[in-house]
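The values are calculated or read from the model by the stated rules, or taken from the named source; none is laboratory data. What you see is a predicted model, and the numbers here were worked out from it, not measured in a lab. Cβ sites come from the backbone with ideal geometry, for glycine too, and all protein chains shown count toward neighbours.
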Amino acid sequence: MQLLNVLKDIEYKLIAGDIEKEITSVEFDSRKAGSGSLFVCVAGFTVDGHSFASKAAEQGASAIVIDNLRKEYPDEVFKQISDGFGTAVIGIDNTHRLLSDLCANFYDHPEKKLSIYGITGTKGKTTTAFMLREILEQSGKKAGLIGTVCNIIAGTKTHAAHTTPESKDLYEMMSSLSDAGEDSLVMEVSSQGLKLDRVRGIRYRTAAFTNLYEDHIAPNEHPDMEDYLSCKLRIFDDCDIGILNADCAAAKEVTGYCDGKVRLITYGIEENADFKAKNLRPERRGHVTGTVFELDSEYYKGDIFVALPGRFNVYNALCAICSAYVENIDVEAVKKALSGISVPGRMQPVENSLGVNILVDYAHNAAALESVLNTLKEYTEGRIITVFGCGGNRSRTRRFEMGEVSGNLSDITVITSDNPRNEEPDAIISDIVTGISKTSGNYSIEPDRSSAIRLAVNMAVKGDTVLIAGKGHEDYQIFADRTIHFDDCEQASAAVKEREGKN
């Protein structure tokens, strides 16, 4: 594409070189810049892309975009680069913000060719996104997914570096979806994605707000809860219809923000809502532990089974159902999707013929572990056996707290390793023991995570629940000197097969 077309509708000035350039890619990472690239200098939290402009030019970049608002690096620096490599140098105001505009132009606006469904909130984004994508697929649509666990683009799963990718990566994925003939995209939209303009230019068919809890308050994230909420509210600035959890703590603020701006559809269990779940009750179907609830709405009145346990997963299901209603999707497609839903590392069941409920979940702090264990108590006839460890180079307080929670709520805890990183696994385990020792809970120690999972599976009897917590969807384990492939679900399945073969 011609550089002039990449710059369409963007105010710019030519600092040096020839504007008549052919552009083969748009990059903000100098390591990816090559022949014909347009390298965009973006100042991040720790590094300034302007310092890599010369490297990008040396690697063959046709043009460099610099920020007119930068505080360092005078124009002369870039004129010298242009003289040395024949690179065009363009100046625009706020390269970070306008990176998405450059990418939208380069990829021929794929965001306009897709129905895009955005989901924000502190918790529930991942599960809701998987639910909605499954509903869309069951209704005959072809849908991609972008989120925390993975990205699914044209049927191919890839690792997700961020919940919401940088705008360049996001537009590239949307372009791939459109080129593959897919028509829909479900995406988790993080507060950082909204704050840093990664999703600039995207209009959502539906924009959902699941809940708000105290989280992500840090120097490089949000200074306070007010900033955290205000960033999340931006999802409603460009959407057709908003969807809101009427029971969430921020419901009043969201409603006020959307008043006169966008139509809101509400869902909930406690408060009055357009979509209300009543009469929640646990139910087990085969090896799947789930929840039945009665939906009361103009869309459908009747029972719905969701193949995930817990009240919080009813909220997630309600949120996905609201988008299905907006798209006039047949409720039978919704029921089929939810009755078979499985989300990697989120209360993910492991099939077995032992009569044991084996679940893998990402719960990696005390609050999450407490929530999961309290939920499982409602679904468990026998004992709860919990396997978990804690990550190295992370808060020691988390270890004490998680040990105490598991000791109080589990019948048996198998303490093991998570990602020890640069710490000694035994030292981390010792901290967990300090916490669990405050309780009367029974526990065993097995530092090898594979052996710990096998131990828990082998001690379980019919009616028990085995919870393998902490790593969820992760498929690796990080040690001081190496990173290995490690998947809790794979390990649990292998332990099940081994035991079933002996029975």
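Computed values, structure above
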item	result
In the stretch 98-153, residue nearest to residue 332 (Cα to Cα) [restricted to those that are among the β-branched types (Val, Ile, Thr) and more than 11 Å from the chain's Cα centre (by Cα)]	135
Test set (1) of a type outside the set (D, E, K, R); (2) surrounded by 14 or more Cβ atoms within 10 Å (Cβ to Cβ); (3) modelled with pLDDT under 95 - residue 52 fails condition number	(3)
The stretch 190-208 residues that are in the same structural domain as residue 163 (by TED's automatic domain parsing), paired with ones that are charged (D, E, K, R) and part of a loop (DSSP other than H, G, I, E, B) (beta carbon under 8 Å, 6 or more apart)	191/221; 192/198; 192/221; 198/166; 205/327
Helices (runs of 4 or more DSSP H) contained entirely in the stretch 357-467, each with at least 1 residues that are among the aromatic types (Phe, Trp, Tyr) and at pLDDT below 95	366-379
Candidates 153, 146 - the one that is in the same structural domain as residue 257 (by TED's automatic domain parsing), free of Cβ contacts under 8 Å to residues at least 60 places away in the same chain and surrounded by fewer than 23 Cβ atoms within 10 Å (Cβ to Cβ)	153
Residue match in the stretch 217-236 (condition: touching a residue at least 60 places away in the same chain (Cβ under 8 Å) and over 22 Å from the mean Cα position of the chain (by Cα))	no
Condition check for residue 27: touching a residue at least 60 places away in the same chain (Cβ under 8 Å), in contact with a strand residue (DSSP E or B) (Cβ under 7 Å, 6 or more places away or on another chain) and closer than 21 Å to residue 172 by Cβ	yes
Residue ranges of strands (runs of 3 or more DSSP E) in the stretch 120-225 with at least 2 members touching a Ser or Thr at 6+ places or on another chain (Cβ under 9 Å) and closer than 23 Å to residue 342 by Cα	143-146, 150-153, 184-188, 204-209
Residue in the stretch 128-136 that is buried (at least 22 other Cβ atoms within 10 Å of the Cβ) and polar (S, T, N, Q) present	yes
Members of the stretch 58-115 found to be among the aromatic types (Phe, Trp, Tyr) and either touching a Cys at 6+ places or on another chain (Cβ under 6 Å) or modelled with pLDDT under 95 (or both), listed by number	73
